[in-house]
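Comments concern the structure below.
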Amino acid sequence: MSKRKYRRPEPDEQHVLDDLTVRPIRPKELEQYRKLMCEHHYLQDDTLVGEQMRYVITSGGRWLALASWSACARFLKARDQCIGWTAEQCRRRRALIANNARFLILPNLNYPNLASRALKLILARLSQDWQQRYGHPIALVETFVDPEQFRGTIYKCSGWTELGLTQGWARSAEDYYIKHERPKQLWIKPLVKKACQKLRSEKLLPDWVQVEAKVAPRCRAKAEELKSLTDRLAAVPEFRSAHALGYPLAGLLALIAVAVFCGVARGKKDLAAFAATLSPAQRRALRFRMDRRTKEVRCPGVTTFFRVLNEVDEVALEKALLIWQEQVLGPVQDQLIAIDGKKLRHSRGGELVSAFGVESGRWLGTVRTPDKTNEIPVARELLRRLDERIEMAGKLVVLDALHTQDETARQLVQELGADYLLTIKDNQKTLNDTACGLLKPHAFSPSEASDGLGEKPRPG
């Protein structure tokens, strides 16, 4: 490939360059755009994946160049090492990276600096356009250059950084890659200062957080960890008939527990979506059975979760989970215990009262509030259960104002040997007035052995 000699633009060419305009393609222009890409781009294709933008570069209304942008590559060793983020951070944050999938200067338009100027104009507005269309900005851009076709000169001149060659694999289907034996140059360019540092930070910038919120949770537990939890949950009694055991109860309960750990909180549909992310090894660890027709390990759906969640023995499940938790974390060491009730989100009703170790944040048990009652008797039942598992004597229990009751205080002190810290609110008038009266400052009455200053009076 011979090296071209650089030349300066002629006056009429400079006029065209000074008049360059970049804008997104309009819907009615999409067919023409794709036709030009397929005819003149060396890949002869304009298929894009994920979030995407298409731009046309014009001068005086004339189309001069086209550029397509899409979602970035899932995983790139050189890029991910440069950013320094973990595989999970990459999965949850890669929407903040856009890929320059196509760049085309239309035929017979040999204006000097046209490509670099067009690219500069696109990058000046790309993040804002992405924000308007998809609700989040772009922090970094990437592209691939085929060294057998191009040198990547426009990217080098535009301040991009070459990270080396890819390993020559192309994604062909979901989690399936094929070797194409044509490694590409990988180039990247930050669109914000310290982009890599911000992408790998523990917490994202406020404008970027919503990107992670849109990513569905997935199971990150290893097969051995799933098997350990499944073995422990085998103690929960099975309530279904034998012909319905394609998904053993222990495996389903382990899956539900791990889904909660990973942030699934909206019910049975999200549980089914989470289950669909399991690898074959993870499904086998949960002891799910193979489908005879497809020869693949089956994945539970919405109706399976619905029945399990409504009919499982809650007490047995709680006991099994607490025993497993103690095996993993060791005995409870917390001296300060908080008890609080919360209404179930995304449900038609119901309330749970739970206990937590304040120092460790550790879950210590939960009791459902029956219909036509409230948290008060349920909290007392939870306290009785706690005393069966851990030594409550000497611990300090914190409850909100609803539980500021004589019977609850008596149970804590006399039955359990614990101390309590109970809240008093203004609407508890009698109790509040009594407490306020006790806390009012009083005149100090010195004893006969004191002069009121803490010293014994001196002889006359």
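Scanning the stretch 102-123 for residues that are over 26 Å from VAL215 (Cα atoms), in contact with a strand residue (DSSP E or B) (Cβ under 8 Å, 6 or more places away or on another chain) and part of a helix (DSSP H, G or I) gives LEU114, ALA115, ARG117, ALA118, LEU119, LEU121, ILE122.
Scanning the stretch 271-289 for residues that are open to solvent by 30 Å² or more (accessible area, probe 1.4 Å), in contact with a helix residue (DSSP H, G or I) (Cβ under 9 Å, 6 or more places away or on another chain) and not charged (D, E, K, R) returns SER279, ALA281.
Against the list (1) open to solvent by 70 Å² or more (accessible area, probe 1.4 Å); (2) charged (D, E, K, R); (3) modelled with pLDDT under 90, the condition GLU375 fails is (1). What are the residues in the stretch 188-230 that are open to solvent by 70 Å² or more (accessible area, probe 1.4 Å) and closer than 24 Å to ARG307 by Cα, if any? Result: ARG218, LYS227. The set of residues in the stretch 298-346 being among the small types (Gly, Ala, Ser) and either touching a Phe, Trp or Tyr at 6+ places or on another chain (Cβ under 8 Å) or open to solvent by 90 Å² or more (accessible area, probe 1.4 Å) (or both) consists of ALA338 alone. Is it true that some residue in the stretch 215-223 is touching a His at 6+ places or on another chain (Cβ under 7 Å), within 30 Å of GLN131 (Cα to Cα) and among the β-branched types (Val, Ile, Thr)? No - not one qualifying residue is present in the stretch 215-223. When the test is whether a residue is open to solvent by less than 40 Å² (accessible area, probe 1.4 Å) and modelled with pLDDT under 85, GLU351 passes it. The conditions of being over 30 Å from TRP160 (Cα atoms) and either in contact (Cβ under 8 Å) with a residue 60 or more places away in the chain or out of contact with any helix residue (DSSP H, G or I) (no Cβ under 6 Å at 6 or more places or on another chain) (or both) are met by LYS222. Between ASN108, ASN99, the distinction of being touching a Cys at 6+ places or on another chain (Cβ under 8 Å) and not acidic (Asp, Glu) belongs to ASN99 only.
For THR408, work out the one condition from (1) open to solvent by less than 20 Å² (accessible area, probe 1.4 Å); (2) modelled with pLDDT under 90; (3) not basic (Lys, Arg) it doesn't fulfil. Unmet condition: (2).
Checking the conditions here, which among LEU43, LEU30 is under 20 Å from ASN99 (Cα atoms) and open to solvent by 70 Å² or more (accessible area, probe 1.4 Å)? Every option except LEU43 fails the conditions. Scanning the stretch 36-67 for residues that are free of Cβ contacts under 8 Å to residues at least 12 places away in the same chain and part of a loop (DSSP other than H, G, I, E, B), we see that the one that is nearest to LEU114 (Cα to Cα) is GLY61.
The values are calculated or read from the model by the stated rules, or taken from the named source; none is laboratory data. As the structure is a prediction and not an experimental result, all values here were calculated from the model. Glycine also receives a Cβ, built like all others from the backbone with ideal geometry; neighbour counts cover every protein chain displayed. Surface areas here come from the heavy atoms of the whole protein model, side chains and all, with no ligands, DNA or RNA. Shrake-Rupley method; radii C 1.70, N 1.55, O 1.52, S 1.80 Å.
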